[in-house]
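**Q** Here's a structure for you.
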Amino acid sequence: LQNVRINPSSISFQMWKDIPVPFYLSVHFFEVLNPKQVLQGAKPVLSQRGPYVYREYRYKTNITFHDNDTVSYLEYRNLYFQPDLSSGPEDEYVVVPNILMLGAAVMMEKLPKVLKILLSGALAGLKQEAFMNRTVGEIMWGYEDPLIDTINTFVPGLIPFKGKFGLFVDFNNSNSGLFTVNTGMKDISQVHMVDSWNGLKKVNYWRSSQCNMINGTAGEMWPPFMSPTSVEFYSPDACRSMTLVYEQSGKFEGVPTYRFVAPKTLFANGTDYPPNEGFCPCMQSGIQNVSTCRLNAPMFISHPHFYNADPSLVNAVEGLHPSKDQHGLFLDVHPMTGIPMNCSIKLQLNLYIKEVSGIIQTGKIKPVVLPLLWFAESGSIEGSVLKQFYNNLVLLPSVLDYVQYIFLGLSVPLIISAAVLMAMSK
């Protein structure tokens with residue numbers, strides 16, 4: 001108990017402060033093979049490209065302990081491209097949707113027709129098309145686009161940012177917000193449980209109090225002596241708390257673990273799973289609308305390849321092959337300490353695209369939730385940390401257990417001998 005509390009004197013503190021586990025971010029893009037045909041109303045044909053792998057380093061700063069047995073911190077992520085683990089370099093080109101243009105078109109659908117015609121003319125002048133051929137690095141880390149200034153001119157506030165646009169531009173060399181968590185000094189059952197995030201006890205992205213709740217931990221560790229039921233964590237990337245459910249017991253490199261996986265209800269719509277109604281407006285089950293926390297852009301998150309989703313989503317495009325082994329997320333946790341031993345958290349980013357009247361660049365695109373990319377954040381304990389884990393939590397208890405039985409075995413004949421001698425003395 002002493003060693004799993006968040007305390008500078010505990011064994012686990014340094015592991016919590018500077019995570020020693022090597023994490024990797026693996027990104028797979030969906031290239032659109034028939035962009036011209038999609039503009040004429042054809043079904044998108046996709047080809048998966050990747051992975052493009054990045055080594056991820058995490059460390060905490062601004063660690064501040066409070067009188068109410070909580071501690072606040074900022075956790076930063078730094079990503080470094082790994083050419084030897086990737087399928088190709090970052091300067092490879094990929095044909096993907098023009099996310100800015102198609103996203104803005106859907107966002108402007110209900111604006112006056114005159115405004116849409118003006119924007120359409122501006123898009124033509126900028127030679128903006130519905131699909132673009134850009135490098136992996138540009139899509140990930142940002143590229144200059146005059147469309148940003150144009151949209152800000154015609155519809156101020158529609159996209160509240162300037163400069164470069166990239167899907168992961170805010171992911172590298174950045175923190176995930178100010179977390180305040182319980183230290184477990186008084187109540188070990190509350191250790192690592194989130195007290196607040198950015199000073200908030202709940203978020204305001206969603207339409208129900210339950211969906212806005214900040215539950216569980218920050219996703220790094222959990223309270224010790226876990227039961228095989230479920231674990232919860234708050235994900236700033238998904239703008240919500242997530243619950244994973246127990247699947248099975250197992251071992252990782254000899255260390256006992258509980259495996260937790262995503263339930264089918266995680267991204268279910270409000271019709272199939274009423275508690276998720278607060279995340280709506282919803283479409284098919286298996287995708288979650290995150291527009292309210294993504295600048296109102298028509299973005300959706302899901303499992304990769306629409307795994308565990310309504311089959312109509314998979315059938316609306318060609319090239320997807322969902323499977324549990326490749327696309328299901330999992331978390332293997334040592335139940336005694338609540339420390340993850342092995343994990344792979346996978347999510348897919350999707351863009352809702354359609355023909356928008358008045359904006360000719362959208363052609364005759366049929367409404368479809370189009371996969372953009374999916375990524376996995378994976379890591380496992382290894383090396384000296386794993387050896388320490390195994391020695392302290394597996395080998396030593398086994399030796400003590402074995403020694404216990406040796407002493408028990410030795411004590412039996414001694415007790416019998418003592419009893420015989422006592423009887424003889426009488």
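**Q** Quick check on region 294-318: of everything there that is in a strand (DSSP E or B) and within 17 Å of the chain's Cα centre (by Cα), which residue is surrounded by the most Cβ atoms within 10 Å (Cβ to Cβ)?
**A** S302
**Q** Residues in region 211-218: is at least one among the aliphatic types (A, V, I, L, M), part of a strand (DSSP E or B), at pLDDT 95 or above and out of contact with any Pro (no Cβ under 7 Å at 6 or more places or on another chain)?
**A** yes
**Q** Taking the conditions exactly as written (open to solvent by 60 Å² or more (accessible area, probe 1.4 Å) and of a type in the set (F, W, Y)), does Y80 satisfy them or not?
**A** Here the answer is yes, as Y80 does meet what is asked.
**Q** Kindly check whether there is at least one residue in region 133-144 that is of a type in the set (D, E, K, R) and modelled with pLDDT of 90 or more.
**A** yes
**Q** Find the residue count for region 319-358, including only residues that are touching a Cys at 6+ places or on another chain (Cβ under 8 Å) and open to solvent by 20 Å² or more (accessible area, probe 1.4 Å).
**A** Of the residues in region 319-358, 1 are touching a Cys at 6+ places or on another chain (Cβ under 8 Å) and open to solvent by 20 Å² or more (accessible area, probe 1.4 Å).
**Q** Restricting to region 276-293, what's the tally of residues that are under 18 Å from M213 (Cα atoms), touching a residue at least 24 places away in the same chain (Cβ under 8 Å) and either open to solvent by 50 Å² or more (accessible area, probe 1.4 Å) or out of contact with any helix residue (DSSP H, G or I) (no Cβ under 6 Å at 6 or more places or on another chain) (or both)?
**A** 6
**Q** Can I ask one more? Here's a check for you: in region 124-143, which residue that is part of a loop (DSSP other than H, G, I, E, B) and hydrophobic (A, V, I, L, M, F, W, C) is farthest from V53 (Cα to Cα)?
**A** Checked region 124-143; the qualifying residue farthest from V53 (Cα to Cα) is L126.
**Q** So, one more: In region 363-378, how many are farther than 14 Å from L351 by Cα and not aromatic (F, W, Y)?
**A** 5
**Q** Of the conditions (1) farther than 23 Å from Y307 by Cβ; (2) of a type in the set (D, E, K, R); (3) modelled with pLDDT of 95 or more, E247 satisfies every one except a single condition; which number is it?
**A** Here E247 meets the rest and fails (1).
**Q** Among (1) without any contact (Cβ under 8 Å) to a residue 40 or more places away in the chain; (2) in contact with an Asp or Glu (Cβ under 9 Å, 6 or more places away or on another chain); (3) not basic (K, R), there is one condition C211 misses while meeting the rest; what is its number?
**A** Only one criterion is unmet by C211, namely (1).
**Q** Determine if region 144-152 includes at least one residue that is out of contact with any helix residue (DSSP H, G or I) (no Cβ under 8 Å at 6 or more places or on another chain), aliphatic (A, V, I, L, M), in contact (Cβ under 8 Å) with a residue 12 or more places away in the chain and not in a loop (DSSP other than H, G, I, E, B).
**A** No; the residues of region 144-152 include none that is out of contact with any helix residue (DSSP H, G or I) (no Cβ under 8 Å at 6 or more places or on another chain), aliphatic (A, V, I, L, M), in contact (Cβ under 8 Å) with a residue 12 or more places away in the chain and not in a loop (DSSP other than H, G, I, E, B).
**Q** Determine, yes or no, whether G121 is without any contact (Cβ under 8 Å) to a residue 12 or more places away in the chain, exposed (fewer than 13 other Cβ atoms within 10 Å of the Cβ) and either not aliphatic (A, V, I, L, M) or not in a strand (DSSP E or B) (or both).
**A** Yes: the conditions hold for G121.
**Q** Can you pull out every residue in region 233-266 that is within 18 Å of S302 (Cα to Cα) and assigned to a strand (DSSP E or B)?
**A** F233, Y234, S235, R240, S241, M242, T243, L244, V245, F260, V261
**Q** Select, from I301, I353, I360, the only residue that is at pLDDT 95 or above, touching a helix residue (DSSP H, G or I) at 6+ places or on another chain (Cβ under 7 Å) and among the aliphatic types (A, V, I, L, M).
**A** After applying the criteria, what remains is I353.
**Q** Would you be able to tell me the number of residues in region 153-209 that are assigned to a loop (DSSP other than H, G, I, E, B) and farther than 30 Å from P274 by Cα?
**A** Of the residues in that region, 24 qualify.
**Q** What are the residues in region 32-57 that are surrounded by 17 or more Cβ atoms within 10 Å (Cβ to Cβ) and within 30 Å of T183 (Cβ to Cβ), if any?
**A** Hit for region 32-57 is E56, nothing else.
**Q** Kindly provide the set of residues from region 144-154 that are out of contact with any Leu (no Cβ under 6 Å at 6 or more places or on another chain) and surrounded by fewer than 16 Cβ atoms within 10 Å (Cβ to Cβ), ordered by number.
**A** E144, D149, N152, T153
**Q** Among the residues of region 286-299, write down those that are out of contact with any Leu (no Cβ under 8 Å at 6 or more places or on another chain) and either β-branched (V, I, T) or within 20 Å of Q48 (Cβ to Cβ) (or both).
**A** Once the filter is applied, which keeps residues that are out of contact with any Leu (no Cβ under 8 Å at 6 or more places or on another chain) and either β-branched (V, I, T) or within 20 Å of Q48 (Cβ to Cβ) (or both), region 286-299 yields V290, T292.
**Q** Of these, K17, K60, which one is open to solvent by less than 30 Å² (accessible area, probe 1.4 Å), within 30 Å of K186 (Cβ to Cβ), basic (K, R) and in contact (Cβ under 8 Å) with a residue 24 or more places away in the chain?
**A** The match here is K60.
**Q** In contact with a strand residue (DSSP E or B) (Cβ under 7 Å, 6 or more places away or on another chain) and more than 21 Å from R55 (Cα to Cα): is that true of E355 in this structure?
**A** no
The values are calculated or read from the model by the stated rules, or taken from the named source; none is laboratory data. Here the structure is a predicted model, which is why all the values come from computation and not from measurement. Cβ coordinates were reconstructed from backbone atoms using ideal geometry, including for glycine residues, and neighbour counts include every protein chain displayed. The area values use the complete protein model at the heavy-atom level, side chains included, leaving out ligands, DNA and RNA. Shrake-Rupley method; radii C 1.70, N 1.55, O 1.52, S 1.80 Å.
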